Amino acid sequence: MSNIIVVGAQWGDEGKGKVIDILAKDFSYIVRYQGGNNAGHTVVIGDEKFILHLIPSGILHRKKICVIGNGVVIDPNALIAEIAKLESEGIEVKGRLFISENAHLIFPYHKVIDELKEMKKGKTKIGTTKKGIGPCYADKVSRSGIRIIDLLSDSVFSEKLKTNIEEKNKILKILYDFKGFSFDRIYKEYIEFRGKIKNFVCDTTLLLNKAIEKRKSILFEGAQGTMLDVDYGTYPFVTSSSATAGGACTGTGVGPTKIGKVLGVVKAYTTRVGEGPFPTEFTKDMMHKIRVKGREFGATTGRPRRCGWFDACLVRYSIIVNGISEIVVTKLDVLDDLEKIKICVAYKYKGKTYEHFTSDIDMLGNSEPVYEEVKGWREDTSGVTAFRKLPKNAKEYLKRIQKLLKTKIILISVGSERRQTIRVE
Ligand code: GDP
Ligand code: IMO
Ligand code: MG
């Protein structure tokens, strides 16, 4: 079966955007299924760099259809700006982008709640992107959210928005002494947004299932990563959606029997943005070196990413919870200058050694990684296009990872551009 899910197997920013761009030419549809504009997926084509937040990265392939599924939360302001930016760069979006009528909308009060909640938490904050993602999903689950389909009806929208604003204003006043929002202003603003997005909206579940009937192929573009998944990640230091492969089904209405493969994207080392445990995190000097060489700054918020060694225990866990069948390793070139490279193969906690990842974040935060050390290659890999041409020690590193993960590496990325990609035969 030809439909594939691409999922981040660490804490996001694994290079999913580049991988989607490489694979997209072989698919008819590219579909986002969860998250929102907290995501930042980078695609580099020649001298041009595109950062996609809500629109699937496949949009850069001119003949492909892109879908934003029901599991995504949409800030219409961000969506309209992204469409306008793409069109200003000569990329036609009309007729190629379809948005689920069941997707929930992010409102200004979601963003303010996100920000104030984080501020109030102080040291215990999550380090969110402040895009209103958590509060929007909270409304969805508590059944008070507003979907695009609700926005399409004046009376339904007006009633739901009134109830929500009344409730949010009370909460904002009591908890944060915040002055509150005006119904009229938001109503007017969102009716304007409606005019700009309504032509993209449809029943995308029907669209995708009809496409499958016609044997069209679908590429599901995961956002964030397994460790940020609300169920399987380092809770509460996670996002609020199902970033794992299961989210592709619930976030689009395509059943699991229609999906053939799950491709896991892993960086050759590890990064995370925001707070929370990170057992293999580098100390100061290595952090700086890899951050600079890997340009590890957030594509959405510009924040510096925390960096660390490759954690095989963590990725093994990702392989299990996603059912990952094959792996793509990205950013191998970032390790080019190192004399020695470490791989975390177990954790030590209170004198005992564990090989499995744990959801107990206290345990994880206080675990000592057990490392295996391999020799670096100290050669430039950024121009290599065949596996056999990689330096011997780089091949050894990849083979060791493959063995530890018991999963085949099918693609290796050695730079942000399309041509900097190695297909493993
Ligand atoms: P995503 O969120 O998973 O799509 O990843 P991001 O786009 O947020 O971050 C990945 C960054 O690494 C982007 O700046 C990419 O252009 C860049 N990148 C992707 N693959 C490679 C690679 O193999 N080597 C290097 N040096 N950079 C890469
Ligand atoms: P892509 O798709 C990396 C992180 C935030 C924070 C936590 C919760 O580009 O890989 P949220 O705003 O979602 O409530 O923040 O999740 N986070 C990401 N980290 N890549 C992302 O997306 C992320 N999206 C959210 O930094 O720690
Ligand atoms: Mg990113």
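At-a-glance table
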{"quantity": "Residues that are assigned to a strand (DSSP E or B), more than 13 Å from ligand 3 (Cβ to nearest atom) and either in contact with a His (Cβ under 8 Å, 6 or more places away or on another chain) or among the hydrophobic types (A, V, I, L, M, F, W, C) (or both), drawn from segment 45-76", "calculated": "ILE45, ILE65, CYS66, VAL67, ILE68, VAL72, VAL73, ILE74"}
{"quantity": "Hits in segment 413-425 (condition: in a strand (DSSP E or B) and either in contact with a helix residue (DSSP H, G or I) (Cβ under 6 Å, 6 or more places away or on another chain) or within 16 Å of ligand 2 (Cβ to nearest atom) (or both))", "calculated": "SER413, THR421, ILE422"}
{"quantity": "Any chance GLY40 is surrounded by fewer than 24 Cβ atoms within 10 Å (Cβ to Cβ), over 14 Å from ILE218 (Cα atoms) and within 10 Å of ligand 1 (Cβ to nearest atom)", "calculated": "yes"}
{"quantity": "Qualifying residue in segment 379-387 (condition: open to solvent by 40 Å² or more (accessible area, probe 1.4 Å), more than 16 Å from ligand 3 (Cβ to nearest atom) and of a type in the set (Asp, Glu))", "calculated": "yes"}
{"quantity": "Any chance ARG291 is within 16 Å of ligand 2 (Cβ to nearest atom), outside any loop (DSSP other than H, G, I, E, B) and surrounded by fewer than 21 Cβ atoms within 10 Å (Cβ to Cβ)", "calculated": "yes"}
{"quantity": "Residue tally, condition among the aliphatic types (A, V, I, L, M) and either in contact (Cβ under 8 Å) with a residue 60 or more places away in the chain or in contact with a Pro (Cβ under 6 Å, 6 or more places away or on another chain) (or both), over segment 341-358", "calculated": "1"}
{"quantity": "Matching entry among THR239, THR270, THR226 (being open to solvent by less than 30 Å² (accessible area, probe 1.4 Å), within 16 Å of ligand 3 (Cβ to nearest atom), in the same structural domain as ASN393 (by TED's automatic domain parsing) and polar (S, T, N, Q))", "calculated": "THR270"}
{"quantity": "Count of segment 293-340 residues which are more than 24 Å from ALA245 (Cα to Cα), more than 16 Å from ligand 3 (Cβ to nearest atom) and among the aromatic types (Phe, Trp, Tyr)", "calculated": "1"}
{"quantity": "Among the residues listed as GLY71, GLY46, the single one being outside the structural domain of GLY302 (by TED's automatic domain parsing), modelled with pLDDT under 95 and more than 13 Å from ligand 2 (Cβ to nearest atom)", "calculated": "GLY46"}
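So that you can scan it fast, the table gives a plain yes or no per residue for (1) away from ligand 1 (no atom under 16 Å from the Cβ); (2) surrounded by fewer than 24 Cβ atoms within 10 Å (Cβ to Cβ); (3) free of Cβ contacts under 8 Å to residues at least 12 places away in the same chain:
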| site | (1), (2), (3) |
| --- | --- |
| LEU219 | no, no, no |
| GLY222 | no, no, no |
| ASP231 | yes, yes, no |
| ALA245 | no, no, no |
| GLY251 | yes, no, no |
| PRO256 | yes, yes, yes |
| GLY260 | yes, yes, no |
| GLY264 | no, no, no |
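The values are calculated or read from the model by the stated rules, or taken from the named source; none is laboratory data. Note that the structure is a prediction, hence the values are computed from the model and not measured. Cβ sites come from the backbone with ideal geometry, for glycine too, and all protein chains shown count toward neighbours. Just so you know, the surface numbers come from the protein's heavy atoms only, side chains and all, with ligands and any DNA or RNA stripped out. Shrake-Rupley method; radii C 1.70, N 1.55, O 1.52, S 1.80 Å.
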